[in-house]
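Worksheet for the structure shown next.
The values are calculated or read from the model by the stated rules, or taken from the named source; none is laboratory data. Everything quoted here is computed from the prediction, not taken from an experiment. Here Cβ is always computed from backbone atoms with ideal geometry, including for glycine, and neighbour counts include all displayed protein chains.
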Amino acid sequence: MNEHSPIVLVVDDEIQIRRFLRTGFELNGFVVHEAATGAEAIRSATLRPIDVVLIDLGLPDMDGSEVIERIRSWSSVPIIVLSVRSTEAQKVRLLEMGADDYVVKPFGMAELLARVRVLLRRQMRAVSGEPTVKIGPLTIDLAARAVLLNDKRLTLTPKEYRLLQVLAQHAGNVVTHQHLLKEVWGSIHVHDTHYLRIFVRKLRQKIEPHPESPRILVTELGVGYRLAQPAEGEPGPWTPAAAAAGTASPAKTEKTES
Amino acid sequence: MLSAHTLERLRNELRGVILTIGLVALLTLGVFAAVQASGLGHGSVVYLLPVLIAAIRWGVVSAIVAAVCGVLASAFFFFPPLYSLRITDPQEVVNLFLFIVVAVVVSQLATRLRRQLELAQRREVDLRDLYAFSRRLAGAFGLSDIHAAIEDHLASVLQSDVILFAGGRDGGSGRRPGAPQPVLDAVAKVAAGGGAPSDAAVHAGGGEIWLVHAVSPKNAEFGVVAINLGRKSQDEVDELRVRLDAVLADAAATLERLDVAHAIGEARMRAQTEQLREALIESVSHELRTPLASILGAATVLSAAPALQNEKKLKALVHDVRDEAERLNNDIQNLLDATRISSDGVRPRAEWAEPADIVNSALERCRARLAERRLAVDLAPDLPLVHVDPVLVQQALVQMIDNAVKYSPAGSRITASARAVNSHLAISVSDEGAGLTKAEQAKMWDRFVRGERHAALIGGSGLGLWIANAFVAANGGSMSAVSPGPDLGTTTTIELPVTQAAVPHMEGEEDE
């Protein structure tokens, strides 16, 4: 079989959290693995194919950020941080350390599912090499370097295009100010947030149907920008990044000892 | 063995004597030539000149040398028998006596004058040091700042390497590469006090000598200093020890006067309170939020569960659980924010921010709460960028919207607007709700104050606007509220400073 349920690894020391996440994900057709400690999480991530990792920062044996770093040393699996620590500086640090997104506790299941699906789609795009990103009326063709609004080609300056390109490469996920400034203007300008403000304003005038209440290029206050979730493409078979392993059966749920 | 200091003094004295003899010789040559040429009488009075000069410039020894040489020279050249040192004329004896008296008196006067001048100069330097020191103390935020100030002050007064070991508790400020082990031992002994001598000279490796001394024998808080004297003889060390005693007595008096002990105590207490507060906040936010996360998460899973989709009453219950958990979460956040503000802990992370982003994200966060109101958004085009912490301003704005929703009926209109006014950015939220009486306007910004007319009907802790106001104030802004009267609606406004000139330019950004 060439399609299976996406596999999510839940890393949290609180059993109640793991329990509702397991139920919530299983109801939505996911396979759930659990880990209660950092060591278990790392072992679990090396042993099985995983499509997305959800990790709490306050683990009993090591800091969640250390687990992220360890997993990042060999794997590009999407990682979402679940944390009660929520200052913007902490969020930025986590994103720069290799997390793909963060959700602040407490959160609703719907919000978390939306974030997870964004990451899965991005992973799928990366696998299939899909070069276009569609967000509502906006189409960004990364291969042809073309941007279309309602099928009409837009004229962007090189910097405006570069900004949009970096955001499109992470469509649906937040990209930090520092990352954008480094990619577009170079590392000496990483603290010049006003550059971003001015160019985002110009860009929104061109790509947003209503620039005063942007829906496509969204601000994550104090952290960065997010290009809204790409439109749901043709359903198509789910081709997971971990398909190579190909052994997991859709119905099977496993628990990594507790 | 002579100390370096004595040697230096001898050298100076010798220089003075040699210069004096040279001066007398030169004068003799001149006077002799003048006497030969013009047939003037003898010029013995002229020899008063080198005596005066030597007394003023080089001190009493040189002056007496000048007096003797002068009398001898005049005896030799000008008094009979000529070209002989024999003194026969009583005038010469009088001269000798006169010269010596002048030499002694003038040199004493000159020395005293010079001392006074030096003293005045040193006082000026000391005063400047002291001023700088007290200014640093006034600006010192923590213990380590105060210790660094004391250390630098002593280093500048003593003119040598000084390491301060603060109160013997934290083992030194560690700002300079450490002292050798024997010195550390001596410091520990001195710091322990209780009968042990309050000072010690330590011979560290490599011939270096360190003096270890309690800054003040009375006040252990001032700590212990270790001073690196380098290579010195025993005599010099003894001499320096006496000087150090005097300087430290002075310094300790200064520290007492500036109430440094009090400042140190305060700083230590502040640090402890700060630690306690942070631990409390950390634990509250973790211990309360973790179970809340389970409750809220489970409720959202349940509310979407297929099994419940046809159970209207059960579903309503689950929604109640979810909504109440969310409210509890907001209350916890408010309490945490309030704790942070009370202990003066709001530290804005200012950046150049887009006002429209702040308004939009606040509205986004309140979307569920605004569902039953008609929302109007009015953002002026080309709003100026503001240099603020956008997250804090957004949180203040959320509180304002929250209040507008709380005190207005379902279906009424809420307007969020932003515009530039003179050198300010004004963000306002207007509602068509309960409005404000004069009395309410006066005290609405206080902590734990809630609208009394509605207290029975509308929940809340009364912290919201107080927090909002503190967040805005931390960003250099201000808040205000106006209402035409009870039941006529309220407009709350945040004003943030806009410093148009300060918006930095983009360099080399011709991007067309």
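Each row is one residue, and each column tells you yes or no for (1) under 20 Å from the mean Cα position of the chain (by Cα); (2) among the charged types (D, E, K, R).
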site	(1), (2)
A:4	no, no
A:12	yes, yes
A:18	no, yes
A:29	yes, no
A:39	no, no
A:43	no, yes
A:54	yes, no
A:58	no, no
A:61	no, yes
Filter the range B:295-347 down to residues that are in contact with a Pro (Cβ under 6 Å, 6 or more places away or on another chain) and under 23 Å from residue B:469 (Cα atoms), then give me how many there are. 1
Can you pull out every residue in the range A:131-154 that is in contact with a helix residue (DSSP H, G or I) (Cβ under 8 Å, 6 or more places away or on another chain) and in contact (Cβ under 8 Å) with a residue 40 or more places away in the chain? A:133, A:138, A:147, A:149, A:154
Tally the residues that are crowded, with 21+ Cβ neighbours inside 10 Å and over 20 Å from residue A:76 (Cβ atoms), restricting the search to the range A:41-63. 3
Could you tell me whether the range A:127-137 includes any residue that is among the acidic types (Asp, Glu) and either touching a Phe, Trp or Tyr at 6+ places or on another chain (Cβ under 9 Å) or in a loop (DSSP other than H, G, I, E, B) (or both)? yes
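So, in the range B:269-311, how many residues would count as being facing another protein chain (nearest Cβ under 8 Å) and either surrounded by 12 or more Cβ atoms within 10 Å (Cβ to Cβ) or part of a loop (DSSP other than H, G, I, E, B) (or both)? Working first, answer last.
Of all residues in the range B:269-311, those facing another protein chain (nearest Cβ under 8 Å) come to B:285-286, B:289-298, B:300-301, B:304-306.
When the remaining residues are screened for being either surrounded by 12 or more Cβ atoms within 10 Å (Cβ to Cβ) or part of a loop (DSSP other than H, G, I, E, B) (or both), the result is B:285-286, B:289-298, B:300-301, B:304-305.
Summing the residues that are facing another protein chain (nearest Cβ under 8 Å) and either surrounded by 12 or more Cβ atoms within 10 Å (Cβ to Cβ) or part of a loop (DSSP other than H, G, I, E, B) (or both) in the range B:269-311 gives 16.
Any idea which of B:340, B:365, B:270, B:322 is touching a residue at least 24 places away in the same chain (Cβ under 8 Å) and in contact with a Lys or Arg (Cβ under 9 Å, 6 or more places away or on another chain)? Give the steps one after another, and end with the answer.
On the way: B:365 fails: in contact with a Lys or Arg (Cβ under 9 Å, 6 or more places away or on another chain); B:270 fails: in contact with a Lys or Arg (Cβ under 9 Å, 6 or more places away or on another chain); B:322 fails: in contact with a Lys or Arg (Cβ under 9 Å, 6 or more places away or on another chain).
After applying the criteria, what remains is B:340.
Tell me which residues, restricted to the range B:58-84, are part of a helix (DSSP H, G or I) and within 15 Å of residue B:105 (Cβ to Cβ).
Here is the first cut: in the range B:58-84, the ones part of a helix (DSSP H, G or I) are B:58, B:60-77.
Once the filter is applied, which keeps residues that are part of a helix (DSSP H, G or I) and within 15 Å of residue B:105 (Cβ to Cβ), the range B:58-84 yields B:60, B:61, B:62, B:63, B:64, B:66, B:67.
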Suppose we filter the range A:193-214 for residues that are more than 10 Å from chain B (Cβ to nearest Cβ) and among the charged types (D, E, K, R); how many remain? 2
Residue B:8: passes all of (1) out of contact with any Pro (no Cβ under 6 Å at 6 or more places or on another chain); (2) at pLDDT 85 or above but (2)
With respect to residue B:255, is the statement that it is surrounded by 14 or more Cβ atoms within 10 Å (Cβ to Cβ), under 32 Å from the mean Cα position of the chain (by Cα), at negative phi and not in a helix (DSSP H, G or I) true? no
Checking the conditions here, which among A:247, A:239, A:176 is at pLDDT 85 or above and either surrounded by fewer than 17 Cβ atoms within 10 Å (Cβ to Cβ) or not hydrophobic (A, V, I, L, M, F, W, C) (or both)? A:176
Residues located in the range B:85-138, provided they are among the polar types (S, T, N, Q) and surrounded by 12 or more Cβ atoms within 10 Å (Cβ to Cβ): B:88, B:91, B:95, B:107, B:108, B:111, B:134
Checking residue A:106 against (1) surrounded by fewer than 18 Cβ atoms within 10 Å (Cβ to Cβ); (2) closer than 30 Å to residue B:323 by Cβ; (3) not charged (D, E, K, R), which test does it fail? (1)
Out of all the residues in the range B:338-377, which are in a helix (DSSP H, G or I) and within 12 Å of chain A (Cβ to nearest Cβ)? B:340, B:355, B:356, B:357, B:358, B:359, B:360, B:361, B:362, B:363, B:364, B:365
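Looking at the range A:130-143, is at least one residue of a type in the set (Ser, Thr, Tyr), more than 23 Å from residue A:10 (Cα to Cα) and surrounded by fewer than 16 Cβ atoms within 10 Å (Cβ to Cβ)?
Within the range A:130-143, not a single residue is of a type in the set (Ser, Thr, Tyr), more than 23 Å from residue A:10 (Cα to Cα) and surrounded by fewer than 16 Cβ atoms within 10 Å (Cβ to Cβ).
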In the range A:116-167, which residue that is more than 22 Å from the chain's Cα centre (by Cα) and within 14 Å of chain B (Cβ to nearest Cβ) is farthest from residue A:178 (Cα to Cα)? A:155
